[in-house]
Protein chains: 2
Amino acid sequence: MAAQLIECVPNFSEGRRPEVIAAIVAPFKAAPGCHLLDHRADEDHNRLVVSLVGQPGPLQDALLAAARVAVAHIDMATHRGAHPRIGAIDVIPFTPLKNIDMPACVALAHAFGQRYHDETGIPVYFYEEAALRPERKQLEAIRRGQYEALRDEVKTPQRRPDVGGAELHPTAGATVIGARKFLVAFNVNLRTTDVRVAKQIAAAVRASSGGFCHVKGIGLALTDRGLVQVSLNLVDHERNPLYRVLETVRMEARRWGVAVAETEVYGMLPAAALLSSAAYYLQVAGFDPAQVLELQLLETIGDGE
Amino acid sequence: MAAQLIECVPNFSEGRRPEVIAAIVAPFKAAPGCHLLDHRADEDHNRLVVSLVGQPGPLQDALLAAARVAVAHIDMATHRGAHPRIGAIDVIPFTPLKNIDMPACVALAHAFGQRYHDETGIPVYFYEEAALRPERKQLEAIRRGQYEALRDEVKTPQRRPDVGGAELHPTAGATVIGARKFLVAFNVNLRTTDVRVAKQIAAAVRASSGGFCHVKGIGLALTDRGLVQVSLNLVDHERNPLYRVLETVRMEARRWGVAVAETEVYGMLPAAALLSSAAYYLQVAGFDPAQVLELQLLETIGDGE
């Protein structure tokens, strides 16, 4: 059987102490079969975002090793940061990449959540596709009031963890574990200082107000630059591809005579998210990703593992 | 030092006998450090086109092993095929991919050409960036009259090989070896049956009639489909990117009220050739290929070799 490949973007509540950050990511560098693609620490957020790709077994082992380091060094009672969080290891999402589908990733998240609790004592909430309660599909709902509020509310039936008892870990809080599709962060900057334009366009394209089913978004001002931004999360770039969302933003902006100044892709994205837009604009018929040298090389190297 | 990576697309004069084709490609499958991405045999052309990526050392060793197989099975005296050719191993182009530049690829082609002649007795012509005579930059010039004409003309000073004496190998003919950039085959199909439109647009965009410096092209009719085609080779997709060439074709076609029906990318191309067009149309500012998950994964895996 061809090797399964998943992506995982664990978030840790440490963005300031370089030695702790280095210790947390060390297990990801050491594990064969687990590839550390990127890690970014943000001091304001006091948060570390790690991008991993690997085979499910080695990747889960490395996650547990990293979690043990985080538990040893992070105390949520004293942690401060601008980004919402409920635990030292705040969130662990699994994303299917190759030779594995979403149901298998959900099963993996559930099995990992149990093992994670057994080995660390940290209670676990399941979210997105792995949610066991509908209201826990949304990460925001699980993190409501953050660590400080959850410390008390964890005792209520509504906020009881999916794995573990009705109390948080004394220093590490709780962890949200789940399975989801690849999320593409895509911002469209517009040549106007009128933030209402960005807000109205965000409302037109996002799911919560009736737009595209797999798009989240807000409008905000980029005051320093004299622009406004439609800040988007594409939670299913296959169903709602970049080009379609961008062209819809462009079309709506024309109502006010506003042009797109530029766009930004934040963080990582799968090649397919850009190739589908290249194929659309270039009108390429019958395009096959196997024609892309690097993708085919990756297949070839992967087969040899 | 990070591993050097080159691409190589050797062409063999055998497109009909499956057992010979399998024997020729076998060394490319067996060699660690050499990756066989694709191979296509064409019966009409009686020709085999192989796509390889690898480190220079193992790739050259595998090329020599494959050449020995080709010499043992192909006799140019009896070979017939629709594609121009001068030898059993007709052409071997090296293309720099990573951690190697064009001058180094030219040096590699020259050193390989000498070794190739020493080990096989086949005379060698150098072409493209590796050409030692200006008139041999163009493959067509070296192949003029094909094997049948070259058999006699090889004795003239003008057609004497760059490596080897003034005669062809008794069965394998001669081989053209060189270094060149990645060639992207890109066709634009237009909604008209008037082939003059395709011919005039090809003339407008290609270098030989004053268009883009790194574009070759012809216009032809796709009679069965009721379309015409501007058939293009982009010999430097960084200097003349796909989007710029396509938009110029589109702009010229508007003169006749003709629309682009579709485009075709033939064969393989590097990810950058499509990503640059995606970034143009999506207006992505500050885009970094390291943001593409598969490309970063390839870097990570490559570092581990």
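Per residue of B:52-63, other chain Cβ atoms within 10 Å of the residue Cβ number 1 on average.
Label reach from residue A:233 (point 7 Å along Cα→C-beta): in the range A:161-176, no amide nitrogen lies under 13 Å.
When the GluC sites (Glu not before Pro) in the range A:41-128 are filtered for DSSP coil states and for at most 14 other beta-carbon atoms within 10 Å of their beta-carbon, the remaining sites are A:43. Cross-link list A:29/B:29; A:137/A:216; B:98/B:216; B:98/B:181: which exceed 22 angstrom alpha carbon to alpha carbon? Check vs 22 Å cut-off fails for A:29/B:29; B:98/B:216. Springs join every pair of Cα atoms under 10 Å in this Gaussian network model of chain A, and among A:123, A:103, A:93 the largest mean-square fluctuation is at A:103. Looking at the protein assembly as shown, send over the antiparallel percent of its DSSP beta bridges, to the nearest 5. Percentage antiparallel, nearest 5: 80.
Take residue B:255, move 7 Å from Cα toward the beta carbon, and the resulting point lies 4.0 nm from the same point in each other copy, nearest first.
For residue A:22 and residue B:98, a Förster radius of 22 Å and the Cβ-Cβ distance give a FRET efficiency of 0.20, rounded to the nearest 0.05.
Per residue of chain A, the DSSP helices (runs of n ≥ 4 H) give a summed -39500 (n - 2.57) that works out to -11000 deg cm²/dmol at 222 nm.
Calculated on the Cα set of chain B, radius of gyration then Dmax: 20.5, 58 Å. For residue A:137, the label point sits 7 Å beyond Cα toward Cβ; its separations from the matching points on the remaining copies run 6.2 nm, from shortest to longest. Its Kirkwood hydrodynamic radius, worked out from the mean inverse distance over all distinct Cα pairs, puts the range A:1-104 at 13.9 Å.
For the segment B:31-37, counting C-beta atoms of other chains within 10 Å of every residue's C-beta and taking the mean gives 3. Residues with beta-carbon under 15 Å from that of residue B:284, excluding residue B:284: net charge, scoring Lys, Arg +1 and Asp, Glu -1? Here the count lands on -3. For the range B:142-292, the square roots of the Cα gyration tensor eigenvalues, ordered a ≥ b ≥ c, give a/c of at least 1.5 with a/b no greater than b/c, which places it in the oblate category. In this assembly of identical copies, the label point of residue B:156 (Cα plus 7 Å along Cα-to-Cβ) is separated from its counterparts by 9.4 nm, sorted shortest first. Taking label points 7 Å from Cα along the Cα-to-Cβ direction, residue B:191 and residue B:132 give a separation of 5.4 nm.
For the range A:31-74 versus the range A:169-197, the inter-centroid distance based on Cα atoms is 19 Å. Taken as entire DSSP H runs, the helices of chain B that both span 24 Å or more between Cα atoms along their own long axis and average 0.0 or more on the Kyte-Doolittle scale are B:56-73. A Förster radius of 60 Å combined with the Cβ-Cβ distance from residue B:115 to residue A:111 puts the calculated FRET efficiency at roughly 0.65. Look at the stretch A:122-130: the mean tally of other chain Cβ atoms within 10 Å of its residues' Cβ atoms is 0.
We did not get these values from a lab; they are worked out from the coordinates using the rules stated. Everything numeric here is computed off the predicted structure, so don't read it as measured data. Neighbour counts run over all protein chains shown; Cβ positions are idealised from the backbone, glycine included.
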